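Working notes, beginning with the structure itself.
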Amino acid sequence: MDPVLARQTMVNEQLKARGIKDPRVLSAFLEVPRHRFVEEYLKYKAYDDYPLSIGFGQTISQPYMVALMTQALMPQPGHKLLEIGTGSGYQAAILSRLCRIVHSIERISSLASRARKIHDELGYFNIHIRIGDGTLGLAKEAPFDGIVVTAGAPHVPEALIAQLAEGGQLIIPVGDESLQELKRFTRTKDTVKEESLGGCRFVKLIGKNGWAK
Ligand code: SAM
């Protein structure tokens, strides 16, 4: 199928139909060529309604889940955002269309290099990918207007809450190894508000403040 048509169908049937309403988020999904972020042999499935393998036991998340997390983060044109778990680079690409700068951390160096190359080819120059343990956050670039964790955590890493700006939001799947709850934490001056955004299933967040392996 023509990729432009495939993106329109994905946006109408998977995102709008399930309540993704933010027009800026929807237009980012129409713009970013998702098929560029999946392996050659899976390209024909790039716009389908499920996660796909990206190698190394990891996945590019289902389009709806990427949209739900993006909408929940409420990215604004001036925002500085942090993503934990670059994976294919697709979520970072979507965010890069909606904010000023995206920092993204990936623990598997081959995935980080592949994502960087695709971003360069597409001209998405406001994304900075680092290799490392994202459960520690990125203190030297903090505070962030928003942080999105795209792997399932056993608990909320304290460092990520600490690196949020006032009014900033952390979107993170928290739970056991097979099922998690997607949560949003909003940092205000003196408190942290917690909301549930529903159930989800992600690969494991592995690191000092995540799963051991
Ligand atoms: N956001 C990705 C995308 O758009 O393709 C999907 C990410 S995939 C579901 C989860 C990613 O998190 C994997 O690439 C995995 O290697 C990475 N990951 C897991 N633990 C991590 C950690 N502590 N720091 C950085 N990356 C981590």
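The values are calculated or read from the model by the stated rules, or taken from the named source; none is laboratory data. Fair warning: this is a prediction, and the values are worked out from it, not measured in the lab. Neighbour counts are summed over all protein chains in view; Cβ atoms, including those assigned to glycine, are modelled from backbone coordinates with ideal geometry. These accessible areas exclude ligands, DNA and RNA; they are computed on the full protein's heavy atoms, side chains included. Shrake-Rupley method; radii C 1.70, N 1.55, O 1.52, S 1.80 Å.
Conditions (1) closer than 23 Å to residue 8 by Cα; (2) out of contact with any Leu (no Cβ under 8 Å at 6 or more places or on another chain); (3) free of Cβ contacts under 8 Å to residues at least 24 places away in the same chain, marked per residue:
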residue: 36; (1), (2), (3): yes, no, no
residue: 41; (1), (2), (3): yes, yes, yes
residue: 70; (1), (2), (3): yes, no, no
residue: 77; (1), (2), (3): no, no, yes
residue: 81; (1), (2), (3): no, no, no
residue: 86; (1), (2), (3): no, no, no
residue: 91; (1), (2), (3): yes, yes, no
### Summary
Within the range 37-69, of all residues that are aromatic (Phe, Trp, Tyr) and under 22 Å from residue 3 (Cβ atoms), the one nearest to the ligand (Cβ to nearest atom) is 37
### Message
within 16 Å of the ligand (Cβ to nearest atom), surrounded by 17 or more Cβ atoms within 10 Å (Cβ to Cβ) and in contact (Cβ under 8 Å) with a residue 24 or more places away in the chain: which single residue out of 169, 163 fits that description?
### Response
163
### Query
What's the number of the condition residue 121 fails, among (1) within 10 Å of the ligand (Cβ to nearest atom); (2) more than 18 Å from the chain's Cα centre (by Cα)?
(1)
### Task
Output the qualifying pairs, or none if there are none: Cβ atoms under 8 angstrom, residues six or more apart or on different chains, first residue in the range 106-125 and more than 12 Å from residue 93 (Cα to Cα), second residue part of a helix (DSSP H, G or I) and within 10 Å of the ligand (Cβ to nearest atom).
106/112; 106/115; 106/134; 107/134
### Task
Say whether the condition of being free of Cβ contacts under 8 Å to residues at least 24 places away in the same chain, assigned to a loop (DSSP other than H, G, I, E, B) and either of a type in the set (D, E, K, R) or within 12 Å of the ligand (Cβ to nearest atom) (or both) is met by at least one residue in the range 1-17.
yes
### Task
Filter the range 39-59 for residues that are under 18 Å from residue 113 (Cβ atoms) and either among the acidic types (Asp, Glu) or not in a strand (DSSP E or B) (or both) and give the result.
39, 40, 56, 57
#### Entry: Scope the range 70-108; condition open to solvent by less than 20 Å² (accessible area, probe 1.4 Å), part of a helix (DSSP H, G or I) and either more than 9 Å from the ligand (Cβ to nearest atom) or touching a Lys or Arg at 6+ places or on another chain (Cβ under 8 Å) (or both); matching residues
70, 72, 73, 90, 95, 96
### Task
State which residue pairs qualify: first residue over 14 Å from residue 178 (Cα atoms) and inside the range 198-213, second residue within 7 Å of the ligand (Cβ to nearest atom) and of a type in the set (D, E, K, R) in any location, beta carbons under 6 Å apart, and separation of 6 or more residues or different chains.
207/133; 208/133
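Here's a check for you: in the range 193-213, which residue that is aliphatic (A, V, I, L, M) and within 7 Å of the ligand (Cβ to nearest atom) is surrounded by the fewest Cβ atoms within 10 Å (Cβ to Cβ)?
206
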